[in-house]
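Scroll down for the structure; my scribbles are underneath it.
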Amino acid sequence: RTALARAYLHEGQLAKAIEESIQAADLQHATADAQLQTISLLLKARRFADAESRAARLLDHDPANLTAQIAKATAVAEIDLDEGLFELEPATRLDSANQPGYVMVGALQDAHPRFLEAETEFKRAVALAPSSVDALQALAAFYWKTGRLAAAESALRRAVGANPGHLPSRRRLAAFLVSVGRAAEGETPLRQIADSTRNSQAQLALADYYVSQGRI
């Protein structure tokens with residue numbers, strides 16, 4: 001059933017993938033991977049209540065499961081923390097003059113009855129693993145999507161500090177700086193790793209930044 005769920009997902013049949021994944025997870029109550037796959041699909045389908053319930057049950061058995069904690073926080077927040085939020089894109093889609101529409105300037109704080117609870121859940125993930133890049137980036141994404149830009153930047157910089165050699169963290173910090181109108185500052189985190197490692201992916205990340213700024 002797990003394999004069938006993945007096959008359905010590959011074919012774009014999300015509803016069928018979820019159905020099979022739920023059955024697989026129910027057959028493997030003690031298997032965290034099966035539960036996490038189901039929770040991930042439920043989040044993708046925006047079935048937040050179901051995702052939260054399963055994540056909470058998994059945490060009852062495994063309170064230190066960081067992935068489950070992040071998933072629960074995401075479900076409580078009822079927002080999509082798609083990693084694409086942090087990708088550098090061409091200047092026509094992401095630049096200082098075109099602020100991303102997903103930054104809601106704090107609107108969710110007023111409109112979402114569980115905003116404070118969601119923030120607490122994300123902070124709990126960071127508390128579980130203070131040096132976890134995943135936890136810090138999830139917290140940053142939540143703050144970014146809800147318009148708390150200073151807090152988002154702080155979490156992103158903490159993620160870079162926790163693992164200075166982690167390229168995705170630096171890309172995300174650079175993308176954030178570009179999106180909030182501080183494009184010139186976005187070069188530094190990418191150039192630092194490109195100069196220090198000479199890694200091809202780091203070089204390409206810096207090149208992506210230059211393309212996004214029209215610095216051909």
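Listing for the model above:
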read-out	value
Over the chain: helical MRE at 222 nm, DSSP H runs n ≥ 4 each giving -39500 (n - 2.57), nearest 500	-21000 deg cm²/dmol
Of all accessible heavy-atom area on the chain, the percent that carbon and sulfur account for (1.4 Å)	51 percent
The chain: relative contact order in percent, alpha carbon pairs under 8 Å with at least 6 residues between	16 percent
Radius ratio Rg over Rh of region 114-180, counting only Cα atoms, Kirkwood formula for Rh	0.96
Non-local Lys pairs in the chain, i.e. 8 or more apart or on different chains, that have alpha carbons under 19 Å apart	6
Highest average packing first - 175-181, 157-163, Cβ atoms within 10 Å	175-181, 157-163
Translational D in µm²/s for the chain (Stokes-Einstein at 4 °C, 1.567 mPa s, Kirkwood Rh from C-alpha pairs)	71 µm²/s
Kirkwood-based Rg to Rh ratio, region 162-211, C-alpha trace	0.94
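The values are calculated or read from the model by the stated rules, or taken from the named source; none is laboratory data. All figures in this text were calculated on a predicted structure; none of them were measured in a lab. Positions of Cβ are generated from backbone atoms using ideal geometry, with glycine treated the same way; all protein chains shown enter the neighbour counts. The area values use the complete protein model at the heavy-atom level, side chains included, leaving out ligands, DNA and RNA. Shrake-Rupley method; radii C 1.70, N 1.55, O 1.52, S 1.80 Å.
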